[in-house]
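Reading through the structure tokens given below for one structure.
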Amino acid sequence: MPTDPVYTVGKARVARVVDCQIDTFRPTDLMPDWSAAHEALLASLPETLSGDGRRMVLSIHSWVVWLDGRIILIDTGVGNDKPRPFAPYFDRLTTPYLARLAALGVTPEAVDCVLHTHLHVDHVGWNTRLIDGQWRPTFPNARHVFSAREYAFFRDPANVGNRHRTSFQTQQDSVTPIVEAGMADMIEVYGREVIPGFSFHATPGHSADHASIMLESGSAKALFSGDVFHHPVQVLAPDLLSIFDAEREMTLRSRSWALDVAADEGAMLFSAHFPASSAGKVNRHGNGFSWSFA
Ligand SMILES: [Zn+2]
């Protein structure tokens, strides 16, 4: 497997740690409004398709950032051994995620901070691992920063239902153990800097209080967009929602904000699920946007 690139954002370095890849979904499965017109857009992104060209490949990964002597992780994948009966492609995985992290020279103990765009199953999993039958924190010296509102949403019995059943299960084994260990910093998301260089920006819609995380170092910017996008075809056709987006209008507003920031402020976009390198640039193109992997 070729080594992933290490990107430079000002004084920061950024690299990906893959947890897993899935190619479960055809476009029509993932995007309810898929039409023939989107096929031509998708054909311009051949590196995002399965070998038979019929399914979209999605990557599940963390981004690791080295900045001023600190090591920061953004999102933590699905994790190993977790029972996910309602999401079979994530059920009881055994991935070499920690070995991949080690290959970058990062031990779990060395991670200073874990930042979460949101609290879905594929973004918090490696927060914990199964040791002696208990879900224990994987990164024992890390503060874990995430939205207080997002956590409250998944604690509220009024929100239990089919759409959120995996998310509720996820909190029990991957988030609540971190809270109970006193390792969580639950924040209000309104664009402020939460640790030096990193700010959380409200991009709700996909989930109740989804955040996009901005890294700024000198004049350089990067946007960790979480699930504002699932696939780069949504840069070309921003009105294409995925089945995982909870609320349409907010999702579209959040996506519009992210596209403007990426295109107009020159922020490199580090996606949560694009395949290939998962990172790239958004440019204005006519009345819309284009995407190029970096
Ligand atoms: Zn996701």
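The values are calculated or read from the model by the stated rules, or taken from the named source; none is laboratory data. No experiment lies behind these values; they were computed from the predicted model shown. No Cβ is skipped: glycine too gets one built from the backbone with ideal geometry, and neighbour counts run over all protein chains shown. Only protein heavy atoms, including side chains, enter the accessible area calculation; ligands, DNA and RNA are left aside. Shrake-Rupley method; radii C 1.70, N 1.55, O 1.52, S 1.80 Å.
Points to keep in mind about this one:
- Gain upon complete extension [GLU109, ALA220; 0.36 nm per residue less C-alpha separation]: 37.1 nm
- Applying 0.36 nm per residue to the separation of GLU180 and THR3 and subtracting their alpha-carbon distance, the gain on full extension is 60.0 nm.
- Residue (of VAL114, PHE229, ALA99) at the positive-pole extreme of the chain, dipole from beta-carbon charges: ALA99
- Percent accessible area from carbon and sulfur atoms, segment 6-293, protein chains only, probe 1.4 Å: 50 percent
- Cross-link partners of LYS11 among aspartates and glutamates (Cα-Cα below 15 Å; sequence separation of 8 or more within a chain): ASP68, GLU216
- Net charge dipole size for segment 6-293 [Lys, Arg +1 and Asp, Glu -1 on Cβ; Debye, nearest 20]: 340 debye
- Label zone at ASP68, where the point sits 7 Å out along the Cα-to-Cβ direction: segment 217-250 residues whose backbone N lies under 16 Å: 217-222
- At a probe radius of 1.4 angstrom, the accessible area of segment 19-127 per residue rounds to 39 square angstrom.
- Sequence of ARG16, ARG100 from largest to smallest accessible area, 1.4 Å probe: ARG100, ARG16
- Gyration tensor (alpha-carbon) shape descriptor, the chain, a/c threshold 1.5: rounded
- Per residue accessible area of segment 200-294, 1.4 Å probe, in Å²: 32 Å²
- Restriction of the GluC sites (Glu not before Pro) in segment 165-240 to DSSP coil positions whose beta-carbon has at most 15 other beta-carbons within 10 angstrom yields GLU188.
- Entry note, the chain: the mean residue ellipticity at 222 nm calculated from DSSP H runs of n ≥ 4, each adding -39500 (n - 2.57), is -5000 deg cm²/dmol after division by the residues and rounding to the nearest 500.
- Computed log₁₀ I(q)/I(0) - Debye formula, equal Cα scatterers, no solvent, segment 1-112, q 0.10, 0.15 Å⁻¹: -0.41, -0.82
- Computed with a 1.4 Å probe on the full set of protein chains, the accessible area for TYR89 sits at about 70 Å².
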